[in-house]
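For reference, the structure discussed in these notes is given below.
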Amino acid sequence: MGGDPKLLEKEGLCLLSLDGGGVRGLSSLYTLRSLMKRLNKERGAPVKPCDLFDLIGGTSTGGLIAIMLGRLEMEVDECIQSYVDLMGKVFHKGRVWNPFSITLAGNRRARFDSRKLEEAIRAVILKQNINPDEPFNDGKVRGCRVFVCTTSKRYTNTATTILRSYDPPEDVLTFYPTIIEAALATSAAPTFFDDVQIGERGFVDGGLQLNNPVAKVEEEASDIWCPKNGELKPLVKCFVSIGTGYPKEVTVQDRTLRFLAVTAVSLASETEITAKEFIKRWRGHYDENRYFRFNVQHGLDKIGLEEYQKRGAVEEAAENYLSQQELRGSLRRCVANLKEKESVWIDNCDYA
């Protein structure tokens with residue numbers, strides 16, 4: 001396929017990467033909605049993200065969205081409504097939280113009720129007539145593969161753990177969670193929710209290690225479609241990465257809360273550094289119309305991970321961002337690319 005431009009246009013790989021960001025994750029869904037509306041108008045027949053993207057990877061709430069779009073095969077508008085409902089149920093009324101209850105040993109009472117998070121996610125899955133306790137990787141062959149990033153509670157400084165809806169490379173140690181376990185493991189933000197147990201292992205929010213999973217999407221795609229030589233670029237038709245804005249640095253006096261704030265700022269910096277490094281690798285003279293990074297630039301900096309009541313501000317910020325002349329051009333090029341896609345790959349041969 002790598003040597004046939006016409007085949008690449010019709011059947012080349014389409015990849016989607018989704019950053020973490022709590023309530024700000026709505027901005028990535030609004031961006032994707034704009035893209036899909038334009039695309040379906042051009043194609044003349046409606047398609048869902050799972051009909052276009054061969055691989056969707058996400059971390060934190062981006063991982064939760066990846067599961068909804070890819071594993072549950074939801075439409076974007078349906079995903080937005082489910083996401084809003086979920087956030088309202090989970091963040092409507094938090095516990096009376098004492099920040100001083102956090103110790104250096106990491107012992108703390110979660111700020112929000114983890115049972116509500118699980119109940120809300122279960123409700124989303126059940127609404128799709130799917131059992132939340134069935135395996136995330138149930139052995140069925142699907143054109144749209146999904147993975148989410150999570151972090152080991154015990155070894156938070158080690159490599160990110162990947163939970164997959166598909167079989168991993170033979171030499172990779174993997175876990176086999178249920179759908180609900182995968183969703184909880186990627187979105188259980190430390191201090192906000194309790195960690196999640198999968199077997200004997202505890203996991204927390206994947207964004208703690210990797211808030212922008214674009215490099216992991218590249219790595220996973222290489223392992224699936226070109227394990228022999230790792231030459232992924234000739235196989236990729238379109239690579240879309242969507243962020244969740246630029247959180248503003250906050251000055252905090254309390255040592256514990258300062259640690260959390262510094263962590264948030266550090267993750268925001270990591271997200272953009274990762275994006276810039278990836279652009280260097282993928283935006284050569286022949287990649288300009290293949291790799292697209294969308295990230296709302298203004299209006300999200302004062303919105304906390306849990307502030308679901310500000311969803312109107314998130315939507316407004318996304319609309320303002322997408323109305324910019326430069327962004328309209330990027331959206332047009334992305335739509336022009338995706339509209340030629342005919343089908344997702346089912347097998348995982350080495351095409352290069």
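Annotations
- If you go through segment 38-50 and keep only what is part of a helix (DSSP H, G or I) and surrounded by 15 or more Cβ atoms within 10 Å (Cβ to Cβ), you end up with 38, 39, 40, 43, 49, 50.
- Residue within segment 281-292 that is over 30 Å from residue 231 (Cβ atoms), at pLDDT 70 or above and not in a loop (DSSP other than H, G, I, E, B) present: no
- On the stretch given as segment 293-329, residues that are part of a helix (DSSP H, G or I), among the charged types (D, E, K, R) and at pLDDT below 80 total 2.
- Taken as a whole, the structure leaves residue 77 outside the set of residues that are buried (at least 24 other Cβ atoms within 10 Å of the Cβ) and of a type in the set (Asp, Glu).
- Test: residue in segment 69-78 that is at pLDDT 95 or above, in a helix (DSSP H, G or I), hydrophobic (A, V, I, L, M, F, W, C) and under 21 Å from residue 187 (Cα atoms): yes
- Reported count of residues in segment 11-28, each being under 24 Å from residue 184 (Cα atoms) and at pLDDT below 95, is 10.
- The residue pairs whose first member lies in segment 116-144 and is within 22 Å of residue 80 (Cβ to Cβ), whose second member is of a type in the set (Phe, Trp, Tyr) and not in a helix (DSSP H, G or I), and whose beta carbons are closer than 7 Å, counting only pairs six or more residues apart or on different chains, are 117/193; 144/53.
- The lone exception for residue 227 - which of (1) out of contact with any helix residue (DSSP H, G or I) (no Cβ under 8 Å at 6 or more places or on another chain); (2) within 25 Å of residue 70 (Cα to Cα); (3) at pLDDT below 85; (4) not in a helix (DSSP H, G or I) it fails: (3)
The values are calculated or read from the model by the stated rules, or taken from the named source; none is laboratory data. From a predicted model like this one, the values you see are computed outputs, not experimental measurements. Please note: Cβ atoms are built from the backbone with ideal geometry, for glycine as well, and neighbour counts cover all protein chains shown.
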